[in-house]
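Have a look at the structure below, then the notes.
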Amino acid sequence: MEKGSLSKTAQSREVLLLIVASLMLVFVFVRYIISPLGEKIRGTSEKLVQLKLEEKVLKSQIDLLKKQDTKKRTAAELGENVKLEILKGNREAPVRNVNELIQTIATPSFQHGMTVDALSVKPTESRGGYLATPFELTTHGPFDQTLSFLDKLDRLPALVLVDSVDLAIDAKGKRVIHVALAASFYQMEGLRGAK
């Protein structure tokens, strides 16, 4: 073989080896550097979409809270406090005893999307001229129905005083609010409606 042909063969082998080495380097770069970054970017974009969705839901919930607050303020300014009117004796309480209260709470129109898990009534006791019947209620449902349920309980034409409310978000990641409520139903002793 001539010296020139050996040089061309060695040079073509070096070029081929360089091409193979370059392809392997590109493969390693794509496989171990770009591919994981691409997956991170996809994961981040999915999280971003989820966060935007949650932001939208939170904004709608905030708007709902603002509307309810406006309604309550308007009602307070107009003096439409049913409970105060009952206490003054200007209005008779439509719900006069605990049984009627439980029947009212148990109606589907009152619950509207909420699920009542438990309702327990404790013995009636005398508190400052009133008969008080403590009760506990646990329920769950979507956020807007939870607000509606608590608002209905607040606007209920009966002397119901909420002692405590515990709210918790569903641990399984669902958009469900769990409510544990302790309240007392009051009746005026010796007046109409007292038993």
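The values are calculated or read from the model by the stated rules, or taken from the named source; none is laboratory data. The structure presented is a predicted model; accordingly, all values stated were derived computationally and were not measured. Cβ coordinates were reconstructed from backbone atoms using ideal geometry, including for glycine residues, and neighbour counts include every protein chain displayed.
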*Candidates S164, S109, S120, S148, filtered to the one that is surrounded by 17 or more Cβ atoms within 10 Å (Cβ to Cβ) and among the polar types (S, T, N, Q)*: S148
*Of the residues that sit in segment 177-193 and are modelled with pLDDT under 75 and either touching a helix residue (DSSP H, G or I) at 6+ places or on another chain (Cβ under 9 Å) or among the small types (G, A, S) (or both), which one is surrounded by the fewest Cβ atoms within 10 Å (Cβ to Cβ)?*
G190
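Yes/no matrix, rows are residues, columns are (1) touching a Gly at 6+ places or on another chain (Cβ under 9 Å); (2) outside the structural domain of L153 (by TED's automatic domain parsing); (3) surrounded by fewer than 11 Cβ atoms within 10 Å (Cβ to Cβ); (4) among the β-branched types (V, I, T):
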| position | (1), (2), (3), (4) |
| --- | --- |
| V26 | no, yes, no, yes |
| F29 | no, yes, no, no |
| P36 | no, yes, yes, no |
| R42 | no, yes, yes, no |
| E46 | no, yes, yes, no |
| K56 | no, yes, yes, no |
| Q61 | no, yes, no, no |
| K66 | no, yes, yes, no |
